[in-house]
Each structure stands twice: as C-alpha cells, then as structure tokens.
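Chemist: Handing you this structure, nothing more for now.
Coordinate-derived values only; no laboratory data. Predicted model, so just to flag it, every value in this text is computed and none were measured. We place every Cβ from the backbone using ideal geometry, glycine too, and count neighbours over all the protein chains shown.
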Amino acid sequence: MKFIFTYKKFVITFLILFFSVVVIFLWNEIRISKKKNLSDSAEWLNDLARIKKEGVLKAAVDYNSTNYFIYRGTPMGFKYELLQALCKDLDVNLEITVSNNIRESFDGLKNNRFDVIAQNLTVTGERNAEMDFTFPLEQTQQVLVQRAKSDKTNDSIYINSVLELANKKVFVQKNTAYYQRLLNLSEEIGANIEVVADSVFRVEDLIERVAKGEIDYTICDDNMGKLNKFYFPNIDVSLQISFPQNVAWAVRKGSAEWKAYLDKWLAEFKDTRKYHLLYYKYFESPRIAERLNSEFNSISGGRISKYDGMIKEIALEYNWDWRLISAIIYHESRFNENAGSWTGAYGLMQIMPATAEAFGVENIENPKQNVKGGVLLLNSLNNQFLKIIPDSTERVKFVLAAYNVGLGHVNDAQRLAKKYGMNPLVWENNVEIYLQNKSEEQYFKDEVVRWGYCRGEEAVKFVKNVTNNYRQYLNVINL
C-alpha cells in the first residue's frame, strides 16, 4: 500500500510539473509571437525604413500630358521626373503604377499597394480624414473649361459667371474634388447644376470632348487648363470657380517619418534650379505645343516610333511583345537606323555582322532585316534558357544580358553564382552580381570561368534600363 501511494504521488507530481512546463512554454511562445507581430507592425508602419530596406518606391501617378507620358520612346512627365529625383536621393528604384481613378489610388494607398500618390491632389477636409498630405507643391484654382466665344458660339452656351451654371450640365471625372466643388457651388448659387460624374474619361479626355463640341463644359485645375490651350486653342479656361487650393502628394495615415522626409525633401527641392527647369520644361517652354502635337506622344499620337508597325509585325511572327522589342531598340540605337558602334554593331538593334550572317540577314542596313535579325537572336538565346528558367519574366532578364554581352559570359556568371552560394537561376542580387564581378581578376580567372574578362556592369545596366522602359511602355502603350 505504501508503495502504491508513493507511486501515485510521484505520478501526480510529475503530471503537475509536466503541465506547468507546457503552460509556461506556450505562454512564452505566445508572448514572443505577440512581440514579433508588434515588431513587424511597427516596422510596416515605418514606411521610410521599409522603402529603403526593400529598395523600391511604389508610386501611383496619373497618366496625362504633364505628369507622366511617353515621348519618342522616353518616359517623361513633371511628376515622373520629380519621383526620379526623389528615388536618387533615397537610393531606391522607382516602380510606377498608372491610376487615373482617384478612388483606386486612395484604396491602393490604404492597402499598401502604393507608398505615395504622386498626383495633383487638391487638399480637402474630407481627404485629410483618409490620408496625410505632404508639403504642398503648388496652389491651384479650379476653372471651367468651355469653348471660346466666337461668332459661331451661341450666347446661351458661353458662360461669363458661375451664376450662369444654373441648370447647365457639367461633366467631371468621378471621385475628384471637381465633383464636390460643383455640388457645393450648386448650394452657393441656389440653383441646380447637373453634374455628370464620368468614370471612363480622364480629365484631359473631357477637355478634348469640350474642344470637339461633344460636351459643353468640364472642370480642371488652372495650370492644366492653360497647358491644354496649347493643344486646343479653341477652349476658354478664364472662369475661376474656386478659391486657391493646395496641391500635394498623399501618404498613408500615420506614416509620420515618411511624411516628414517627403515634406523636407519637397520643400528643399522646390528651391533648386533643377525644379525650376523642370517646371519650365513642362509648363512654360515653347516646345510644349510641339511635344503635345507629336504623333510620337503617347497622349496624342499613341506611337513610340515611326517603326511601330514593322516592329509589331516581326514581334507577332516570333511571339514577342513588340513593346519589349521597342525598349531594346530605344536603348540600342534611339530608333536611329544608321546608328553604329566601334565594335561593328549596326542599325536599330545594333546587330554584329557575324550575327547577321548566322541568322541569314543579307542586308544589315535594312531596318526590317536588322530588327528581324535581332529578334532571331533573342529567340535563340531564349531557347538556351527555356528549360532551366521556366518563368518568362525572370528568363527575359538573362536573355537581355546575353543579348548585350554574350551567352558565354552570362553562363560564367551563373557558374560563379552557384560556386559562391547564390541562386544561378535568379537574376537580381544573384547572377547580376557575378556578371559585374567578371571585370575583377579574382573572378575572371576563377576555375569555373570559361570566357574570361568582361565589363559586366554595362550588361547589368542594359537589363535594368530595358526592363524599366518596358514597364513604362506597358503602363501607357496598348498592344
């Protein structure tokens, strides 16, 4: 009996100790997990630290003739160049998303899709409740856009005063400050204004519809109105319908450090010569009209170059996106069919004579044959990587690098990456590092290297520049 009692006591004591240890362990795990989650949340809330850590700034911009567009193959725009200057200061890459839907931009900011909305946002009390605004870039007033007064214009259509907006139909972009201003104005003048909130057309599309006589009125900011008079001389933007309002960028609510950084940067940059040159370039230069009227402006003409048709035809035949081929041509020759290099490369795609011969290109000086030769080379390189890199987005970076510097040097960089514990099938921060390193003796004399020295940095820049331009073309140029 004594033995049984002692045994039971031992078992009970053991179970108590065991469950105590389990409870303590589980409690500690929960505490660590909570602490980790809080830490992760705190890190996420600190947008500035995260942006620098990830090396990417994700910005929403609106696609129009001032903020962001493509001109002769080059991404341009006032906001685009401001963002480029900001990213240079941050030492990060820029990732742009085109969003002409204000509500979509706001939701993307809240859902962490964007780090900043770099659009012409007027600061309002309602918006202040949703997000934080940066140091204002400028002040603007809303103006009525209508056709200029002329002999052919009916007196009942042209408006001289906001009071005459009574019972008129005004088209505005949906979810904009213009819509709210018209509702308020309707109350102020004590008469109905029929406001049509359009979700299909951009502000500039509505201005164009006014100019063409398809609608009578729309609203825009005065700087955009004045700019569009270069393109549509028959519009009138003289009637102001609001008090001056601040225009700023937006960040997530509570992103204090990120907002403070942007405020300081914008305030300082506005006083620089570069800022004033950018403002002149996009808002005051005599060349604005030339740029706006060009068929190679993605806003007006929708073309990248005069070779678009030919490039589309060849790209379709060999199953490539013509915008990627255009991005390659832009960086190889700037669409100059007579471009040549000291190495002997020639034409739009800078084809070497030996390459031309290998792919049956009889006349390297013929633009169509030159592009076809370049695309056949891309096909050949793509086939080399097809089985080992199934993801096409990743594979194209290797193809571009090989196009620029040669397949052998890229294969060398892959072998070096594998030897030094990196992933030979991933380009960024893996193979690209060792392609750059091939200019150093330690690496180009390594036993796994078969093709010796190369200036790999140029190929790495080529891949980065082409893929960046390709993304810009995807943003605004249709298939």
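Chemist: Nearest-5 percent of antiparallel DSSP beta bridges in the chain?
Modeler: Rounded to the nearest five, the antiparallel share is 60 percent.
Chemist: Taking the alpha-carbon distance from LYS461 and a cut-off under 18 Å, which lysines remain once sequence neighbours fewer than 8 residues away in the same chain are dropped?
Modeler: Result set, ordered by chain and number: LYS88, LYS397, LYS438.
Chemist: Tell me whether the chain comes out rounded, prolate or oblate; compute the Cα gyration tensor, take square roots of the eigenvalues as a ≥ b ≥ c, and use a/c under 1.5 as the rounded threshold.
Modeler: Cα axes put the chain in the oblate bin.
Chemist: List the trypsin sites (Lys or Arg not before Pro) within region 114-165 that DSSP assigns to loop and that have no more than 16 neighbouring Cβ atoms inside 10 Å.
Modeler: LYS149, LYS152
Chemist: With a point put 7 Å past each Cα toward its Cβ, work out how far GLU268 is from LYS419 in nm, to one decimal.
Modeler: 4.3
Chemist: What is region 288-437's relative contact order, in percent, from Cα pairs under 8 angstrom and six or more apart in sequence?
Modeler: Details: 174 pairs, mean separation 16.5, N = 150.
Taking the mean separation of contacting Cα pairs over the length of region 288-437, I get 11 percent.
Chemist: Would you list PHE335, PHE283 from fewest to most Cβ contacts within 10 Å?
Modeler: Fewest to most other Cβ atoms nearby, the residues stand as PHE283, PHE335.
Chemist: In the neighborhood of LYS372, defined by Cβ-to-Cβ distances under 12 Å, what is the net charge if each Lys or Arg adds +1 and each Asp or Glu adds -1?
Modeler: Working: positive: LYS368; negative: GLU313, GLU317, GLU362.
That sum, taken over residues with Cβ under 12 Å, equals -2.
Chemist: Once you order the gyration tensor axes a ≥ b ≥ c over the Cα atoms, which shape class does region 308-476 get: rounded for a/c under 1.5, otherwise prolate or oblate by comparing a/b with b/c?
Modeler: It is prolate, given that a/c is not under 1.5 and a/b is the larger ratio.
Chemist: In addition: Using Cα centres only, tell me the gap between region 121-181 and region 387-452 in whole Å.
Modeler: Comparing the Cα centres of region 121-181 and region 387-452, I get a distance of 55 Å.
Chemist: Taking square-rooted eigenvalues a ≥ b ≥ c of the alpha carbon gyration tensor, is region 186-301 rounded, prolate or oblate, where a/c under 1.5 means rounded and, failing that, a/b exceeding b/c means prolate?
Modeler: Details: a/c = 2.05, a/b = 1.22, b/c = 1.67.
Oblate shape, in that a/c is at least 1.5 and b/c is the bigger or equal ratio.
Chemist: So, by mean Cβ neighbours within 10 angstrom, what's the order for 203-213, 129-139 with the highest one leading?
Modeler: So the order, starting with the most tightly packed, is 203-213, 129-139.
Chemist: Using Cα pairs closer than 8 Å and at least 6 residues apart in sequence, work out the relative contact order for the chain, in percent.
Modeler: Reported as a whole number, the value is 14 percent.
Chemist: Please go through the residue pairs LYS58/LYS464; LYS52/LYS226; LYS168/LYS229 and name each one whose alpha carbons sit more than 27 Å apart in this structure.
Modeler: As for pairs spanning more than 27 Å Cα to Cα, those are LYS52/LYS226.
Chemist: Still on this structure, please answer the following. Just to verify a number: FRET efficiency for GLU187 and ASN111, C-beta to C-beta distance, R0 = 25 Å, to 0.05?
Modeler: Once the sixth-power term is evaluated, E becomes 0.15.
Chemist: Here's something else I'd like to know. Identify the trypsin sites (Lys or Arg not before Pro) of region 398-454 meeting these criteria: DSSP loop state and at most 11 other C-beta atoms within 10 Å of the C-beta.
Modeler: Here the sparse-neighbourhood loop sites are LYS445, ARG450.
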